[in-house]
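Read-outs: derived from the displayed coordinates by stated rules, not from any lab. None of these values were measured; they are calculated from a predicted model. Counting neighbours? That spans all protein chains shown, and the Cβs are built from the backbone with ideal geometry, glycine included.
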């Protein structure tokens, strides 16, 4: 009888161990699920999507399609990088749910669904919202991400969901960094103004640029003109500058129209000095470093090849 009692105890302990083992391992298996894998959080028609709202860590950006191109409407009005948006739409169209990795609320931090890391995406088609999803961490494999609905605790692993196509730690990455593109053949004159000098390099009928009667060094000026063909910012600064403030450096380019580049020093404390840039016809303020300023602004000596 005693042996039978011991046997029952051992059997009970075994069953208890099995239950504990199941509870400890059930949330870890990324491929064990009863979730319907043919479902998606968002059913979308990528061609009909006309607005995306993306929120991360208390900041929000709104991307809206206008006339075939994508524009940022919040927090500023500015052109978006069309290719970046197209990449996001491709991911939203092609992703597949692979598994349900957890239904345990205590695992939200583990998979990136806390207030700091989570990204909330709202998708609009033809002007109406078609739903939202939350995006946590990138998944363990290539082109995998953890996603979930805004309700409930189910955390899903999605394949063909490229995490950084939608998640940007710096939301200004969505903005097009190209400021202007001025063809070399269109440039007729460049004026350079600072507290130390004020001079102009003018195109002549001989096919050369002159400062007064002196011929400009082609090598020096070509660097400036090549830069103007694809003049992009290093960063953005969402601020305003008073119109009556005198710039530290000014470059005025006369081509099909006149474009002014005004540079204002605003930081002497950093290892690399920072400047704010205001470009005529553009309300956005740009942030660049001193080295970038000097790639565009050339002294008279530099352009004459005397430095």
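Roughly how tilted is helix 82-94, in degrees to the nearest 10 and between 0 and 90, from the longest Cα axis of the chain?
Helix 82-94 and the main axis of the chain meet at about 20 degrees.
Taking 22 Å as R0, compute the FRET efficiency from the Cβ-Cβ separation of residue 114 and residue 39 and round it to 0.05.
The value I calculate is 0.30.
Tell me, what are the semi-axes, in whole angstrom and largest first, of the equivalent ellipsoid of the chain as set by the roots of 5 times the Cα gyration tensor eigenvalues?
60, 21, 16
Between the stretch 203-258 and the stretch 87-164, what's the alpha-carbon centroid distance in Å?
46 Å
What nm value, rounded to one decimal, do you get for the distance between residue 197 and residue 266 when each label is placed 7 Å out toward the C-beta?
Going from the residue 197 label point to the residue 266 one covers 2.8 nm.
How would 298, 213, 40 line up from fewest to most surrounding beta-carbon atoms within 10 angstrom?
Taking fewest neighbouring Cβ atoms as first place, the list is 213, 40, 298.
Counting residues in the stretch 178-303 as N, plug N into 2.2 N^0.38 Å and put the Cα Rg over that result.
Against the empirical 2.2 N^0.38 Å value, I get 1.05 for the stretch 178-303.
Can you tell me the length gained on complete extension of the stretch residue 106 to residue 83, counting 0.36 nm per residue apart and subtracting the Cα distance?
Difference between extended and current length: 4.6 nm.
What FRET efficiency do you get for residue 96 and residue 170 if R0 is 45 Å and r is their Cβ-Cβ distance, rounded to the nearest 0.05?
The pair residue 96/residue 170 has a calculated efficiency of 0.95.
Mean residue ellipticity at 222 nm from the helices of the chain, using -39,500 (n - 2.57) per DSSP H segment of n ≥ 4 over the full residue count, to the nearest 500 deg cm²/dmol?
Mean residue ellipticity, 222 nm, calculated: -6000 deg cm²/dmol.
Evaluate the Kirkwood expression for the hydrodynamic radius of the stretch 49-174, namely the inverse of the mean inverse distance over all pairs of different C-alpha atoms, and round to one decimal in Å.
14.8 Å
Report the Cα-based extents of the stretch 230-288 along its three principal axes, largest first, to the nearest Å.
39, 28, 20
If I take R0 = 45 Å and measure r between the Cβ atoms of residue 210 and residue 129 in this structure, what FRET efficiency does the formula 1/(1 + (r/R0)^6) give, to the nearest 0.05?
0.15
Measuring from label point to label point, each 7 Å out along Cα→Cβ, what is the residue 244 to residue 184 span in nm?
4.3 nm
In degrees, nearest 10, range 0 to 90: what is the angle between the Cα axis of helix 2-25 and the longest Cα principal axis of the chain?
20 degrees
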